[in-house]
Amino acid sequence: MSDLSTKKCVPCNAKDLRPMSDDAAHKLISQVTGWNLVTKDGTMKLQRTWKVKTFLKGLELFKLVANVAEAEGHHPDLHLVGWNNVKIDIWTHAVGGLTENDFILASKINGLDLQQLLSRKAGSN
């Protein structure tokens with residue numbers, strides 16, 4: 001298996017882009033530590049949560065993720081729940097499911113240095 005963080009997302013309008021099978025997603029999930037496979041409204045997605053120190057730290061985390069997403073041309077759903085709970089959902093909207101792009105983006109998000117933003121309390125991811 002190649003390192004997902006070294007790959008580049010392919011354009012979502014590629015005619016041959018299709019959602020991956022559940023089996024393929026379950027094989028790749030081990031390469032993106034901290035992320036979970038969830039199914040919402042019949043669509044499989046990647047999801048991860050973090051507890052941040054403050055509301056503003058949550059917005060800083062969003063900015064770091066946004067920079068990666070823009071560079072990849074692949075954009076996650078970002079949620080700030082309450083004042084310090086960040087949740088990110090990733091899936092390829094154009095195909096209504098997961099593609100390798102989603103795992104590439106998750107891997108690149110995992111490569112960000114977020115420690116200065118995260119709460120030190122137990123249960124933080």
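Only the coordinates and a few stated rules stand behind these numbers; no lab work does. Source: prediction; values computed, not measured. No Cβ is skipped: glycine too gets one built from the backbone with ideal geometry, and neighbour counts run over all protein chains shown.
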Checklist entry - Which angle between 0 and 90 degrees, to the nearest 10, do you get for helix 55-72 versus the longest principal axis of the chain when only C-alpha atoms count? => result 20
Next on the checklist: Rounding to the nearest 10 and keeping the result within 0 to 90°, find how far the Cα-based axis of helix 100-110 lies from the longest principal axis of the chain.
Outcome noted: 20
Checklist outcome for this item: Between Leu118 and residues 5 or more places away or on another chain, the pairs with built amide H atoms under 5 Å apart involve Lys53
Checklist entry - Looking only at Trp50, Trp83, Trp35, which one moves most when the chain is put into a Gaussian network model with springs between Cα atoms under 10 Å? => result Trp83
Item to check | Candidate values (i) 8.3; (ii) 9.8; (iii) 7.7, label of the one derived for mean projected area of the Cα convex hull in nm² | outcome: (iii)
Item to check | Exposure proxy order (Cβ contacts within 10 Å, fewest to most) of Leu64, Leu46 | outcome: Leu64, Leu46
Item to check | Proximal aspartates and glutamates relative to Lys45, as straight alpha-carbon distance under 16 Å, when same-chain residues fewer than 8 apart are discounted | outcome: Asp22, Asp23, Asp77, Asp89, Glu100, Asp102
Checklist entry - So who's got an amide H within less than 5 Å of the one on Thr92, skipping anything under 5 residues away but keeping other chains? H placed 1.01 Å off N, in plane. => result Gly97, Leu98, Thr99
Checklist outcome for this item: If the chain between Asn110 and Ala71 were fully extended at 0.36 nm per residue, the gain over the current Cα-Cα distance would be 12.5 nm
Item to check | Those residues of the stretch 84-100 whose amide nitrogen sits under 11 Å from the label point placed on Ala24, 7 Å along Cα→Cβ | outcome: 98-100
Next on the checklist: Given a 10 angstrom Cα cut-off, can you work out which residue in Asn110, Asn13, Asn84 is the most mobile in a GNM of the chain?
Outcome noted: Asn13
Checklist entry - Using Cα pairs under 8 angstrom and six or more residues apart, how large is the relative contact order of the chain, in percent? => result 37
